[in-house]
1. Using a 7 Å offset from Cα along Cα-Cβ at ALA109, what residues in the stretch 28-57 end up with backbone N under 19 Å from the label point?
2. Can you find, among TRP42, ASN61, SER71, the residue sitting farthest towards the positive end of the charge dipole of the chain, where Lys and Arg contribute +1 and Asp and Glu -1 at Cβ?
3. Give the dimensionless ratio obtained when the Cα radius of gyration of the stretch 66-110 is divided by 2.2 N^0.38 Å.
4. Using the Karplus curve 6.51 cos²θ - 1.76 cosθ + 1.60 with θ = phi - 60°, work out ³J(HN,Hα) for each residue of the stretch 54-62 in order, rounded to whole Hz, and write x for Gly and Pro.
5. Provide, as a two-decimal number, the C-alpha radius of gyration of the stretch 24-108 over 2.2 N^0.38 Å, N being how many residues it has.
6. Tell me the mean residue ellipticity at 222 nm calculated for the chain from its helices only (DSSP H runs of n ≥ 4, each -39500 (n - 2.57), averaged over every residue, nearest 500).
7. Can you pull out the trypsin sites (Lys or Arg not before Pro) in the stretch 16-67 whose DSSP state is coil and whose Cβ has at most 16 other Cβ atoms within 10 Å?
8. From the backbone phi of the stretch 14-27, what are the Karplus-calculated ³J(HN,Hα) couplings (6.51 cos²θ - 1.76 cosθ + 1.60, θ = phi - 60°) in whole Hz, Gly and Pro given as x?
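Read-outs: derived from the displayed coordinates by stated rules, not from any lab. Predicted model only: the values in this text are computed from it and were never measured. All Cβ positions, even for glycine, are placed from backbone atoms using ideal geometry, and neighbour counts span all protein chains on display.
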Amino acid sequence: MRIMEIKEALQICESLNNPKYQKPFQKMMECAIVYARIRVDWYFAEDEQVELDIERTAAHNAFIQTCDQLSLVMKENGDNTGWRFAIGSDRKSIGDFACLIHAIIGIKAR
């Protein structure tokens, strides 16, 4: 499993923030935030982890799906989809990318 640095995640986000892909990009960002929040809640939960597992998995699947959808739209338009390869296919790595997106947005929002 490859660990992505925040700098690489920032570069990916900046490259994807294109008016041509505003809707799928925005949806991906929203799903990243939802997943990252649930992941943190799960981390701090003690007795509720099992209950949060279903919600966390569903949010994770939704984020992966939005990544795949954005990549597909870009590919259909002949644009570079190397970012999708960069985040990989390992669920943990993709989840880490969502958390990095969440951190980037949090820092930009200050």
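1. 28-44
2. Projecting each Cα onto the dipole axis, the largest value belongs to SER71.
3. Here the answer is 1.31, to two decimals.
4. 5, 5, 5, 5, 5, 5, 5, 4, 5
5. Cα Rg divided by the expected 2.2 N^0.38 Å: 1.14.
6. -26500 deg cm²/dmol
7. Qualifying residues, ordered by number: none.
8. So the J values, rounded to whole Hz, are 5, 6, 8, 6, 10, x, 5, 10, 3, 5, x, 5, 4, 4.
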